[in-house]
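The values are calculated or read from the model by the stated rules, or taken from the named source; none is laboratory data. Because the structure is predicted, anything quoted here is derived from the model rather than measured. Ideal geometry is used to build each Cβ from the backbone, glycine not excepted, and the neighbour counts take in all protein chains shown. Please note that ligands, DNA and RNA were not included when accessible areas were found on the heavy atoms of the full protein model with its side chains. Shrake-Rupley method; radii C 1.70, N 1.55, O 1.52, S 1.80 Å.
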Amino acid sequence: MLAGPPASRAATASANTPESKISWSEQDLGQSSFFVGDWASAGTAFFPRAIDVGLSDDRRLFVAKWDSRLFQIEPLAQLDSDELDAPTQTVVIGAESGVATLAVPAGISTVLFRVRAINLYPQENVGDAVDTCFQLNSEAGEEIARAVLSATYRAASPWGAEVLVTWLCVDGQILPGVTEVCSMGPKPIPPGTHLALRGSNGAPEMVGLINGDQGRSIPSSREDLGDGLQETLFILAEEIAAGDKLVIISAVKTSNSEPSEFGIRLPAVVLRPSESDFEFRDTRLLAAYPVTPSGAPLSSFVPTPTVLNREIEKE
């Protein structure tokens, strides 16, 4: 996921009158990331979860506009004030359209939205984002206040990766048989990126090659994690260009048993960007586990499975 401080455009709130009461906390913003044009710029759009509209003795109408490509707003919002024991719910009209209206009864000071950022991968290059805008109107339709929250933009050099694993079961223990790290671009996977393969102690040796090239092998190290597990760690010394792949092959090729019960921690394969790297795309395939999202095993592992973790997404 993209992160980091904003560079060229700051998130701003503006109002049309000094008496405007539309405001929000900068600490409680929904955020959605995207790219612009030739991938040289990354953007972050914002949508406040709690919006202060000020107290009034009159019923008012609250209008919200946002980029519906980047945020999903639930059709029910909450209304709150210091005078209420608990928030009440109200219907958001047009929540799916990017322009929504809701009624704010007298005595209400806060509107609370349920906001979800939309992951657009692999189509997250959407161009400039629509500003998030709010307007408070009287019941007769006269504008009382307006506020705008703009996206931030910064220079970017994004890369993406997808981790695909064929799992084996050897003597009751599940381990990665073949692991592929596919470079999805547009920039290469950078040096310093870690690939950690977690399995049982005594797991067979593994060899890492870029594009199957024996001359481009990746060295590895092993660490005992406790609980009968060990981690094999590969650290990239060179970049992996878009379209290329790192392949990790186990010395064992076939399953020979059904798995024992899982312990406290599952076997896993995890790609770890360096701590200072904020450029990676949220492919949601940076890690793989031998279970479905519901926790069921991917396979009986007899005969040898051909299940890749990408197939989990189809369930």
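Taking every residue in the range 249-278 that is part of a loop (DSSP other than H, G, I, E, B) and pairing it with any residue that is aromatic (Phe, Trp, Tyr), at least 6 positions away or on another chain, the pairs with Cβ-Cβ distances below 7 Å are SER255/PHE301; GLU258/PHE301; PRO259/PHE301; LEU266/TYR289; PRO273/PHE280. Filtered by the rule that a residue be touching a residue at least 60 places away in the same chain (Cβ under 8 Å) and either of a type in the set (Gly, Ala, Ser) or not in a strand (DSSP E or B) (or both), the range 34-49 gives GLY37, TRP39, ALA40, SER41, ALA42, GLY43, ALA45, ARG49. None of ALA103, ALA50, ALA147 is over 26 Å from the mean Cα position of the chain (by Cα), under 24 Å from PHE34 (Cβ atoms) and either open to solvent by less than 50 Å² (accessible area, probe 1.4 Å) or not acidic (Asp, Glu) (or both) except ALA147. Among the residues making up the range 123-144, those that are farther than 18 Å from ARG49 by Cα, of a type outside the set (A, V, I, L, M), assigned to a loop (DSSP other than H, G, I, E, B) and open to solvent by 30 Å² or more (accessible area, probe 1.4 Å) are GLN123, ASP128, GLU139, GLY141, GLU142. Screening the candidates SER260, SER250 for the property of being over 18 Å from GLY185 (Cα atoms) and open to solvent by 30 Å² or more (accessible area, probe 1.4 Å) yields one hit, SER260. If you go through the range 261-289 and keep only what is within 17 Å of GLY177 (Cβ to Cβ) and modelled with pLDDT under 90, you end up with LEU266, PRO267. Based on this model, can you work out whether GLU96 counts as open to solvent by 60 Å² or more (accessible area, probe 1.4 Å), modelled with pLDDT under 90 and under 24 Å from ASP131 (Cβ atoms)? The answer is yes for GLU96. Looking only at the range 147-160, which residues are in contact with a Phe, Trp or Tyr (Cβ under 7 Å, 6 or more places away or on another chain) and either assigned to a strand (DSSP E or B) or within 30 Å of ASP57 (Cα to Cα) (or both)? Residues satisfying the conditions are ALA147, LEU149, TRP159.
Residue-by-condition table, conditions (1) open to solvent by less than 30 Å² (accessible area, probe 1.4 Å); (2) at positive phi; (3) at pLDDT 85 or above:
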{"site": "GLY208", "(1), (2), (3)": "yes, no, yes"}
{"site": "SER220", "(1), (2), (3)": "no, no, yes"}
{"site": "PRO293", "(1), (2), (3)": "no, no, no"}
{"site": "ILE312", "(1), (2), (3)": "yes, no, no"}
